[in-house]
Ligand code: 4AD
Ligand code: MG
């Protein structure tokens with residue numbers, strides 16, 4: 001058997017029943033195995049599933065049997081044999097092997113059962129092969145695919161590429177990663193929004209999907225130092241249109257995941273019927289009412305303070321769908337958010353809170369008139385010189401516009417109901433980890 005041959009069958013195809021009683025070849029990695037006497041059960045995985053293979057000494061010969069029964073977890077293996085329906089086998093099918101060959105036996109696999117979280121993070125490059133992470137990464141792929149499908153095919157957006165190295169803060173100085181750019185101070189971007197705003201001047205409806213960086217000194221289940229950020233920006237959209245768009249986007253992703261990937265969701269312990277309930281008409285609540293409600297439900301929060309994880313949990317308690325919190329006080333929000341003419345002192349913004357998981361989106365209508373922008377920058381002690389090009393956008397052909405930022409890992413965490421954001425990304429970057 002040649003591992004590069006093109007006639008291997010994906011295990012998922014076998015499990016779907018389309019090869020019953022047929023001769024097939026499979027290749028993959030040893031997921032589990034046990035031997036007793038002249039019979040070895042080798043469970044093999046490939047990217048599409050796991051299949052139990054019965055390897056009999058009589059059928060494969062002494063040499064091949066030895067190879068199969070002495071293989072390690074994760075040894076690379078090829079088998080040829082006949083598929084048999086078998087209710088006792090996981091997945092309902094078994095391969096009766098006729099030929100077995102190890103591609104690479106390798107060394108004993110370091111990950112056994114019941115390893116500590118730290119050990120699994122140290123061996124993340126190997127742990128990514130686990131069933132759980134394999135399933136999460138598949139689901140993440142589909143979630144991103146449906147986001148793109150929504151913007152590309154349903155809403156007519158253009159995707160553009162922003163710079164990752166930038167010269168000024170977007171979300172305040174405290175979480176900036178500074179780099180030495182040939183002797184000049186530069187930063188890893190916190191958000192591509194300001195550039196997305198430039199793109200709307202040419203293409204009107206755009207989005208950016210890129211990493212954002214936050215030097216987050218906090219250790220929480222929802223903060224990463226490097227995360228993937230989807231940032232749509234729309235010319236001639238007000239904040240209400242902005243929220244309507246976010247709602248349509250989340251409904252699209254949840255419905256697609258629930259209808260097309262129910263098995264994957266169930267394997268991850270997420271009930272697809274719960275996601276089906278995300279249908280639109282999300283609650284919209286002003287900050288002031290949200291603070292009152294959170295306090296009534298036991299939060300220790302005062303008017304004017306930012307809404308944190310505890311308050312978010314209280315505000316979404318018992319909800320099937322996300323909730324928007326609008327009209328935050330302008331002095332606790334970023335400099336680019338437009339003041340609400342109907343509710344002065346507050347901005348035209350919304351955080352979108354997912355039930356039990358909290359903020360997944362932050363968005364706003366942007367200040368588009370030059371005097372208001374300059375005034376706000378002054379209030380927030382920002383130097384207009386650092387934002388020359390951004391201010392230019394208000395000098396030439398300015399217009400009302402809005403946008404938002406969605407944390408991909410936050411969305412994945414909610415859609416899959418994960419305990420920790422680190423499992424929503426292959427290599428989580430947190431305060432105390434840049435390895436592997
Ligand atoms: O609320 P944020 O800070 O808003 C912005 O960056 C805006 N410029 C976005 C825009 O309007 N284009 O971040 C937006 C989202 C959050 O709602 C959250 O989902 C995610 O980015 N996020 C993080 N995700 C993981 N780890 C972190 N440290 C995150 N910080 C923000
Ligand atoms: Mg936010």
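Quick look at the values:
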quantity: Candidates 404, 213, 41: whichever shows maximal mean-square fluctuation once the chain is modelled as a Gaussian network with Cα springs under 10 Å; calculated: 41
quantity: Distance in nm between pseudo-label sites at residue 62 and residue 154 (7 Å out along the Cβ direction from Cα); calculated: 6.4
quantity: Of all DSSP beta bridges in the chain, antiparallel share, percent nearest 5; calculated: 90
quantity: Residue 297/residue 202 FRET efficiency (R0 56 Å; Cβ-Cβ; nearest 0.05); calculated: 0.75
quantity: Size of the chain as Cα extents on the principal axes (Å, biggest first); calculated: 86, 52, 42
quantity: Extent along principal axes [Cα atoms of region 273-355; Å; largest to smallest]; calculated: 40, 27, 19
quantity: Helix 370-379 axis, angle to the chain major axis (alpha carbon atoms, nearest 10°); calculated: 80
quantity: Mean-position separation - Cα centroids, region 228-255 and region 289-356, in angstrom; calculated: 18
quantity: Degrees between helix 287-296 axis and first principal axis of the chain (Cα, 0 to 90, nearest 10); calculated: 60
quantity: Principal axes of region 187-299: Cα extent on each, largest first, Å; calculated: 41, 39, 32
quantity: Helical mean residue ellipticity (222 nm; -39500 (n - 2.57) per DSSP H run of 4+; nearest 500) of the chain; calculated: -8500 deg cm²/dmol
quantity: Rounded tilt (10° steps) of 131-149 against the dominant C-alpha axis of the chain; calculated: 50
quantity: Shape call, region 92-185: gyration tensor on alpha carbons, a/c limit 1.5; calculated: oblate
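Here, each number is a calculation from the coordinates, and none is a lab measurement. This one's a predicted model, so the numbers in the text were calculated from it and none came from an experiment. Note: ideal-geometry Cβ built from the backbone for every residue, glycine included; neighbour counts use all protein chains shown.
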